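Chemist: Starting off with a structure, shown below.
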Amino acid sequence: MTASVVSSVLQRLGDLVIQEATFLSDVPRQVSSMKAELSQMQCFLNVVDAKCLEGNSMMKNLASNIQDVAYRVEEVIDNAHFIFRRRKTSVSKYTHIFGDSIDLREVGKNIQVIRKEISEIFERYNRYNAVNSSTSTEAQPIFREDEDFYAQRLVPPGLDQGMDIVGFDHEIAQIKSYLLDQNNMNLTVISIVGQAGAGKSTLAKLAYSSVITEGYFHKYGWVSISPKYSALEVLRDLVRQIRGTGKISERKSMHLNFYGETEVSKLIFDFLKEERYLIVLDDIWTTDTWDKIKSVFPDKGNGSRIILTTRDMEVGQHPKTKVQIHTPDLLDEDKSWELFQKKAFPHDVQFTELEVVGKKISKKCNGLPLALVVLGCFLSRNHNIHTWEKMVASVDWEIMKKEGDVGRILALSYHNMSNNLKACFLYTASFPEDYPITVHVLKKMWIAEGFVPNIRGYTQEEVAYRYVEELAQRCMIQIEERSKNIGWIKKIKVHDVLREWGIGQARKEGFLKVCSSGTDVETYYADEQRCYRVAFHGYFDNEVGKSVLNLRSVLAFNPDGKRLFSFNGLHLLRVLHFCSSLKTCTLPEEINKLVHLRYLGLEGSTVFMFPSYMKGLRNLQILEASTATVKALPSSLWSIAALKHVHVYQVLHWKAQEIRTKRSLQTLYVFSIMQCDALTWKRTIRSLQKMSQHVSWCLGIASTKRVKEKETQEHEEYNLDIRVDALESKVDGLELSGCFKERHVLNDVLPHHNLFPNFLLQLKISCPNILNDDPMPILERLPRLEVLEIVNSSYTGKRITCSSEGFLALRSLVLMDIGLEEWNLQQGSMAFLAVLTLKCTMLRSISNVLHQLDDLVELRLICMPQLSVDDHEPARGRGCRVMISVDEEQTSDT
């Protein structure tokens, strides 16, 4: 992981020279010199990382020293950025000129000291262990599988090979239906796509073995493709493996090793072109592999098929011929237990005392067949209850290599990724087991950590999202939730087996240490490097800054009832994420010592209280508390020049007279402000509207204005004039206002219905582009909601669905100036709706809607000439008052 750290620092050094050279005086020359030094060093850091993983202690020491130096360079960069921002935000460019000159000289001196230290590091290294002259210094992907291991995958399946098919019957039948479909005689690729260990190759083997015995395919062959493949060797291997009617002449086979790629390709094409064939390409890693060999497969319209297995969805979808995608299902709990039993108790001997813990172990595998097989085989020779219970707590894949190396199979996927993507994946292991990770939060953390580079034409958020997509395509993460309208990935999870492996890999590489006890914090094992990040799960070490030196990141999830900790020794912290279930939690004044902090994340049911002074957090870019409640945001927060994103679920007291971070702020989101006086509110809104750049913002203000009593509703209008006052009395309304960029990353910000204020009687959403997904499935579950307004282009979708028994308390609904085209109102929804106001010029029909609203008293249609009289006639026939107008001011009864 050293290469990734240095790469991140190089990116920031380049930005420093480009953006701030005009004021850095002589420092750019020194910064450029440092950049050149690190660039040369980076050329062989991939080799250093590889040797660390092999257990080379000298290389581990070198890697640790280099990481320390790289992080110290980051400190220098942060200091230079601070000086730059201070100069830009000064009233006069001469205000800090003397102090800046002194500080700049200090930056230059620090760079010189660091360069000297780098020289000393390599002098010591060369003194004791010269770099092996035969080691290549090119930065190439490193795959650490040994030849014997991968050779096992290169052996084609025998026809009588016995394999466990627990839970695969339906999937085998599905794949066979693709293979034997006589209504489709075109050449078709069946892509089996899934994560490592999901049973892709097993499914392919079972389907392949089954159909070739039936004689439908005249020629057939199986070839497995190594990550370090050569196209020519793959083609030669295919020639050797093809079976069936006819055969390639013995003379040509003997001279195969003398043929080039063109000759071998023609040989295969000519041999396959006359008859129906089935070829399996097992374990393809890149689209480039298919592109290099696709020309050897003729399409003669005779029903030929190719099975392709891969861990990457992009590869599976890549062939330009007809493609069928099959994603193996993970086993359910019953099938998991059945497969585990077969392996753990091979002689049908049952141990009743092991059954309960055995089911826990099989459940821990989350339906991943390979993990179930490996664990079952390992435990089949050790029926000790204590050993099994240890496996429930934590699985150590290293001790089970003889049974089938899950770790090495997962490592193949891991080492096929770029350094930045590796870091992003390992970071997901810091979250607790089965934790739904919110993507917009994860992206912000990655950016703060320095994993996401600047790429021309893209924002860092867009690049980070591409990383999420790539990890999903590679089946390294599981997609838990997507935006229904646009399809954005909103939440992910990591399979338990991948997570366990990731935790171990992260410790080995000195990337991250996950701790659930004091022993975890203090213990370092022989195969581990020193870590710079710590994640606490259900436990917390108040003196972590002293226990683990030079920490860059601390993540704490439900830390055993502890309040926020001492910040002693954490002055280098970049990322702090704290999840708490306490009633209140106060951030102490000493948090201002964290001058390098870029990301502050808060979550949980706690009310967090900030100190009045926060300007010490001079590098803070992100305050992420989109599921947390904050008592108040101090005015000093808005004076932090680096601040880019502020996301808070609820603020009890809003005190910001104006927002002053005018040069940096990009997004401001507060779902619910519970108390704010009118003057402060007006000044806040005015300051946001005056910002020089377009800021996406949304503020929700609570209200005391109640709807009219039910008995007066029949003949009187609803008044939705939500007041902004000092809310000393009980609040019952909420209005969201602001303006978001179209399809912004934070769109669809409505929280889960359980997070809505339980007092909510009325809700108004007036914030352009704030909702991309249909909001009704969330809003319809609010038990007391009586009045709902969605207006001002707040919803960007074209259809909404209201399910039966939803909106049981709703009395008034306003949908205005949204691009709604279709409204599906199921029977029983909005059963007590009395007043409906619509201004949706694209809505094609409302007759089906009105047919369901038996209690409707008043219908207002504004600027909707596309509707016919037949649309609202059923409502008028039931005594509903129908009012039609060409604008909002003029309304007439019909």
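The values are calculated or read from the model by the stated rules, or taken from the named source; none is laboratory data. This is a predicted model, so every value here is computed, not measured. Here the Cβ is made from the backbone with ideal geometry for all residues, glycine too, and neighbour counts use every protein chain on show. Please note that ligands, DNA and RNA were not included when accessible areas were found on the heavy atoms of the full protein model with its side chains. Shrake-Rupley method; radii C 1.70, N 1.55, O 1.52, S 1.80 Å.
Chemist: If you split all Cα-Cα distances of the stretch 731-893 into 10 Å bins from zero, what percentages do you get per bin, shortest first?
Modeler: Going from the shortest bin to the longest, the percentages are 11, 40, 37, 11, 0.
Chemist: For the stretch 766-851, with all protein chains present and a 1.4 Å probe, just round the carbon and sulfur fraction of the accessible area to a whole percent.
Modeler: That share works out to 47 percent.
Chemist: With each pseudo-label sitting 7 Å past Cα toward Cβ, what's the Met58-Glu275 distance in nm, one decimal?
Modeler: 5.9
Chemist: So what J values fall out for the stretch 189-203 if you push phi through Karplus, 6.51 cos²θ - 1.76 cosθ + 1.60 with θ = phi - 60°, rounded to Hz, Gly and Pro as x?
Modeler: Computed from phi, the couplings for the stretch 189-203 are 9, 9, 9, 9, 10, x, 6, 4, x, 7, x, 4, 5, 4, 4 Hz.
Chemist: Turning to a different aspect of this structure: Please calculate how many Å² of accessible area the stretch 330-392 carries per residue, with a 1.4 Å probe and no DNA, RNA or ligand atoms counted. Please list the in-between numbers first.
Modeler: Working: 3280 Å² over 63 residues.
Result: 52 Å² per residue.
Chemist: Normalised by the residues of the stretch 731-893, what does the relative contact order come to in percent, with Cα pairs under 8 Å and at least six apart?
Modeler: Numbers: 402 pairs, mean separation 23.7, N = 163.
In percent, rounded to a whole number, it is 15.
Chemist: Using a 7 Å offset from Cα along Cα-Cβ at Met842, what residues in the stretch 466-489 end up with backbone N under 20 Å from the label point?
Modeler: Taking a point 7 Å out along Cα→Cβ of Met842, the residues of the stretch 466-489 whose backbone N falls under 20 Å are 483-488.
Chemist: I would also like to ask the following. Just how much of Asp334 is accessible, in Å², when a 1.4 Å probe is used and the result is rounded to the nearest 10?
Modeler: Result for Asp334: roughly 120 Å² accessible.
Chemist: Could you give log10 I(q)/I(0) at q = 0.13, 0.14 Å⁻¹ for the stretch 181-326, computed by the Debye formula over C-alpha point scatterers of equal weight, without solvent?
Modeler: Rounded to two decimals, the profile gives -0.54, -0.63.
Chemist: So, for the stretch 731-893, what is the accessible surface per residue at a probe of 1.4 Å, expressed in square angstrom? Don't jump to the answer; show the numbers that get you there.
Modeler: Working: 6630 Å² over 163 residues.
Counting only protein heavy atoms, the per-residue value for the stretch 731-893 is 41 Å².
Chemist: If ligands, DNA and RNA are left out, what is the accessible area of Leu308 with a 1.4 Å probe, given in Å² to the nearest 10?
Modeler: 0
Chemist: Which length gain, in nm to one decimal place, applies between Ser295 and Asn382 when the Cα-Cα distance is subtracted from 0.36 nm times their residue separation?
Modeler: Numbers: separation 87, 0.36 × 87 = 31.32 nm, distance 5.13 nm.
So the chain would gain 26.2 nm between Ser295 and Asn382.
Chemist: Between Asp169 and Glu353, take the C-beta separation as r, use R0 = 30 Å, and let me know the FRET efficiency to the nearest 0.05.
Modeler: On the way: r = 32 Å, r/R0 = 1.06.
Between Asp169 and Glu353 the formula returns 0.40.
Chemist: Sticking with this one: So if we plug the beta-carbon distance of Gln317 and Asp677 into 1/(1 + (r/R0)^6) with R0 = 51 Å, what FRET efficiency do we get, rounded to 0.05? Display every interim value, and only then the final one.
Modeler: Numbers: r = 56 Å, r/R0 = 1.10.
Rounded to the nearest 0.05, the efficiency is 0.35.
Chemist: Sticking with this structure for a sec: How much of the pair distance distribution for the stretch 417-505 lies past 23 Å, counting alpha-carbon pairs only, in percent?
Modeler: Details: 656 of 3916 pairs.
Tail of P(r) above 23 Å: 17 percent of Cα pairs.
Chemist: Roughly how big is the stretch 417-505's charge dipole about its Cα centre, with Cβ charges of +1 (Lys, Arg) and -1 (Asp, Glu), in debye to the nearest 20? All intermediate terms of the calculation are to be shown ahead of the outcome.
Modeler: Numbers: 12 positive and 11 negative charges, 59 e Å.
Computed charge dipole of the stretch 417-505: roughly 280 debye.
Chemist: For Phe536, what residues show an amide H to amide H distance below 5 Å, using hydrogens built from the backbone and excluding near sequence neighbours?
Modeler: It is Cys515, Leu555, Ala556, Phe557, by chain and number.
Chemist: Something else: Tell me, what HN-Hα J-couplings in whole Hz come from the Karplus equation 6.51 cos²θ - 1.76 cosθ + 1.60 at θ = phi - 60° for each residue of the stretch 578-584, using x for Gly and Pro?
Modeler: Calculated HN-Hα couplings, in order: 10, 10, 9, 10, 5, 5, 9 Hz.
Chemist: Please list, in chain and number order, the residues 5+ apart from Arg243 or on another chain whose amide H is under 5 Å from its amide H, with Hs placed from the backbone.
Modeler: Tyr220, Gly221
Chemist: Moving to a separate point now. Past the 29 Å Cα-Cα mark, which pairs from Lys294/Lys443; Lys491/Lys583; Lys343/Lys490; Lys294/Lys490; Lys491/Lys593?
Modeler: Numbers: Lys294/Lys443 37 Å; Lys491/Lys583 27 Å; Lys343/Lys490 37 Å; Lys294/Lys490 36 Å; Lys491/Lys593 33 Å.
In this structure, Lys294/Lys443; Lys343/Lys490; Lys294/Lys490; Lys491/Lys593 lie more than 29 Å apart at Cα.
Chemist: Fully extended, how many nm does the chain gain between Glu233 and Lys690 (0.36 nm per residue separation, minus their Cα-Cα distance)? Before the final figure, lay out the partial values.
Modeler: Values: separation 457, 0.36 × 457 = 164.52 nm, distance 6.47 nm.
Contour length minus Cα-Cα distance gives 158.1 nm.
Chemist: Also, I was wondering about something else. List every residue whose amide H lies under 5 Å from the amide H of Ser224, counting only residues 5 or more places away in sequence or on a different chain, with H placed 1.01 Å from N in the peptide plane.
Modeler: Asp282
Chemist: Calculate one ³J(HN,Hα) per residue across the stretch 819-829 by plugging θ = phi - 60° into the Karplus curve 6.51 cos²θ - 1.76 cosθ + 1.60, and present them in order as whole Hz with x for glycine and proline.
Modeler: x, 5, 10, 9, 10, 9, 10, 7, 4, x, 7
Chemist: For each pair in Lys109/Lys615; Lys109/Lys546; Lys615/Lys655; Lys176/Lys219, compute the distance between the two Cα atoms and list the pairs where it is over 19 Å.
Modeler: Working: Lys109/Lys615 26 Å; Lys109/Lys546 28 Å; Lys615/Lys655 16 Å; Lys176/Lys219 16 Å.
Over 19 Å Cα-Cα: Lys109/Lys615; Lys109/Lys546.
Chemist: Separate question: Could you work out the relative contact order of the stretch 181-326? I mean the mean sequence separation of Cα pairs under 8 Å and 6+ apart, divided by the number of residues, in percent.
Modeler: Numbers: 244 pairs, mean separation 64.7, N = 146.
Across the stretch 181-326, relative contact order equals 44 percent.
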